[in-house]
Amino acid sequence: MSEIELIVTVSSPRELDGTDLRPYDAVCLGNPYCRRFEGNFAERLALLPEAVSALRAAGKKGYVTTPAAPRGGDLPQVERIIEAAGEAGAQALEVHNMGVLRILREKGNPLPAHMGAFANVYTHMGARVMREYGAVRVRPNAEVSLGEMETIAKEGGVEVEVLVHGKIPLGVTDRCSLLTEAEGLDPKCPAACLEERWLTTRLPARRSGPPPGRAGCEGAWVLKTVGKGVLSGRDMCMLEHLPLLLSAGFTVFKVEGLYETAAYRSEIGRVYREALALAASGGAYEVRPEWAEAVRKHSHVGLCNGYYFGKTGRLYVGTVLQYKKTDV
């Protein structure tokens, strides 16, 4: 089996310094949602050399992200990110846009490209096109099942990055929903996106028949807004299914650390590092009570498996971390 890689994303030096990085093999630096995020590595490029150097000294890989939905006015900054990441010694560039991938290759930059969560990777044919432009790794869109991901990896000839824990990215826009005035003019920016914001929609009660979701969860739809992005309210959790992921050939796993606390990134990372080691050992695998406790502690409205098992994104498949009525 290939070497397992566990990745976490961090936006800024403050997040990086506060996170226990020991469980992780790689760190992706920067915020792909908003260039104005305070301390954003993908904007304050002078911070990259020190951050990447520190990661490499600690035996970690350092990646750098680019804007998730770049507009024409963002392209000069994208070119600066590419140049700065290469000069800083980063080992890959996370790309969410085919145009950015083309810029990377036209500049002759040797940085490997990892296609991110908004790159619209749905099929192995799409992955092949990206590979022809130099992509070596892809993150399939949230709607893609595990079976489809296996096909993308085998037929597309690329590594597949699997989100194993954290909020699922659902959408991105170029306009911040938290501001009433333009960016740069609204006094709430950039502090507004550091506060937790939740969107809750009550669903109409069913007249008869079984509820569509887990007990206690069918009456509300909860999402997390981060200004220019919308994330799932529930956390993707594949803790019970790590042996399945490894047996399917997946070896690159992401913990989504953006807009989370240092404790979240640190403790969830520890759980998955221990769990992956056990799952890879070939022995009997079960979720330890202390892992389940840590996962539940950091879950705001519960857990889910997204669309990995071909079910609605809000459901959780498993026996150990089932919902209780108090989970929502």
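What follows draws every value from the coordinates through simple rules; no lab data is involved. The structure presented is a predicted model; accordingly, all values stated were derived computationally and were not measured. Cβ coordinates were reconstructed from backbone atoms using ideal geometry, including for glycine residues, and neighbour counts include every protein chain displayed.
Descriptive notes on the structure:
- Only one of the numbered conditions (1) assigned to a loop (DSSP other than H, G, I, E, B); (2) under 18 Å from LEU93 (Cβ atoms); (3) basic (Lys, Arg) is violated by ARG36, and that is (2).
- Scanning the stretch 13-50 for residues that are among the small types (Gly, Ala, Ser), crowded, with 23+ Cβ neighbours inside 10 Å and under 19 Å from ALA262 (Cβ atoms) returns a single hit, GLY30.
- Residue within the stretch 158-175 that is hydrophobic (A, V, I, L, M, F, W, C), in a helix (DSSP H, G or I) and touching a residue at least 60 places away in the same chain (Cβ under 8 Å) present: no
- For the stretch 2-31, filtered to residues that are part of a helix (DSSP H, G or I) and without any contact (Cβ under 8 Å) to a residue 60 or more places away in the chain, the residue that is nearest to LYS167 (Cα to Cα) is LEU16.
- One residue from MET130, MET115 being more than 18 Å from PRO169 (Cα to Cα), aliphatic (A, V, I, L, M) and touching a residue at least 24 places away in the same chain (Cβ under 8 Å): MET130
- Every condition in (1) surrounded by fewer than 22 Cβ atoms within 10 Å (Cβ to Cβ); (2) touching a helix residue (DSSP H, G or I) at 6+ places or on another chain (Cβ under 9 Å); (3) within 30 Å of ARG175 (Cβ to Cβ) is met by VAL230 except one, and the failing one is (2).
- Looking only at the stretch 144-158, and only at residues there that are in contact with a Lys or Arg (Cβ under 9 Å, 6 or more places away or on another chain) and surrounded by 21 or more Cβ atoms within 10 Å (Cβ to Cβ), the one that is nearest to TYR24 (Cα to Cα): VAL158
- Checking each residue in the stretch 48-62 for being part of a helix (DSSP H, G or I), aliphatic (A, V, I, L, M) and over 17 Å from GLU94 (Cβ atoms) picks out ALA54, ALA57.
- Checklist (1) more than 25 Å from GLU150 (Cβ to Cβ); (2) hydrophobic (A, V, I, L, M, F, W, C); (3) surrounded by fewer than 16 Cβ atoms within 10 Å (Cβ to Cβ); (4) touching a residue at least 60 places away in the same chain (Cβ under 8 Å) applied to LEU258, failing item: (3)
- Residue match in the stretch 59-67 (condition: within 19 Å of the chain's Cα centre (by Cα) and surrounded by fewer than 16 Cβ atoms within 10 Å (Cβ to Cβ)): no
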